Every structure is written in C-alpha cells, then in structure tokens.
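Where a number appears in this text, it was derived from the coordinates with a stated rule and is not lab data. Everything numeric here is computed off the predicted structure, so don't read it as measured data. Neighbour counts are summed over all protein chains in view; Cβ atoms, including those assigned to glycine, are modelled from backbone coordinates with ideal geometry.
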Amino acid sequence: PAAAAALGCGCVTPPHMEVANAVGAIAGVVAVTEEVTIRRMTDGTYVAYTSEGRGEFGDIESATDSTRQRARELAADKARERGAAHTELKEQVDEFVTNSSWDMPVVLERRLTIKAFGRPRSAS
C-alpha cells in the first residue's frame, strides 16, 4: 500500500494471501542434482570427477558403475537433508564418442546427471 501510493498506482491483494506461502510449501518439491564426469586419458584409463573428488579406473564401465551408485546415494541423502520426505531418482547419461583407427567406437567422455527429488516433509 505505501509503495503503491508512492508510485501513484493501486494495490491488488489476492483473497487468502495470508496462506499463499503455506500453499507453496505444500505444493513444493525438493530437488538436488549430482553430476559425474568420466574422461578417457591418453593411456586408455579413465578418471572420474565427482563432488567428492576424483578416482582412477581401468575401463569406462567400472568407472560408471562405481560412481553411479555413489552419486545416487549422495543425491538422495542431500535431498533428504534439505527436507524431502521420500526421494525419487532420475538419471541422464550423455556420451562423447569417436572412432579409433580400427574404426571402433571409443568413449572419450561420459557424463552422468543424477537428480533426486521429492515432496517436503510436513511440519508436525
């Protein structure tokens, strides 16, 4: 109202405005994203980069399996810490592939994006 008067305009307040924030809290979603990048090194090994650090692996599949499980755990834990009652996980995998001199596909980089989401816990 004071701001509206200073601007020379009217102020419209919606009905039930006093509970608008509560409705948003009930309808809201807690979401967390955990990302992993796995890169091929010149010697043919793979290095995985996560929010916890880096790890070295002999092949792309062992790097993926190891980091995928940990990323899923981290995303779910962080979502619960931020107030999610129950979490669902969604995963996206993107790859950058080239062909070797023997015309075989070689994964140069693989990115895992794990999203954990869930409704907020209700206040008791």
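Can you give the charge dipole size of the chain about its Cα centre, rounded to the nearest 20 debye, using +1 on the beta carbon of Lys and Arg and -1 on the beta carbon of Asp and Glu?
On the way: 15 positive and 18 negative charges, 112 e Å.
Its charge dipole is roughly 540 debye.
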- prompt: Once the piece of chain linking GLU61 and VAL47 is laid out straight, how much longer is it, given 0.36 nm per residue of separation minus the C-alpha distance between them?
  reply: 3.9 nm
Nitroxide proxy distance, nm - points 7 Å out along Cα→Cβ at THR98 and THR33: 2.7
Pairwise label distance in nanometres, HIS16 with ASP77, each label 7 Å out on the Cα-Cβ vector: 4.0
- line: FRET efficiency (HIS86, ALA3; Cβ distance; R0 35 Å; to 0.05) is 0.30
message: Give me the tail of P(r) for segment 24-90 as a percent: Cα-Cα pairs with distance above 18 Å.
response: 45
Kirkwood hydrodynamic radius of the chain, from inverse mean 1/r over distinct Cα pairs, in Å: 17.9
- prompt: What net charge do the residues around GLY53 carry, taking every other residue with its C-beta under 14 Å from that of GLY53, with Lys and Arg at +1 and Asp and Glu at -1?
  reply: -2
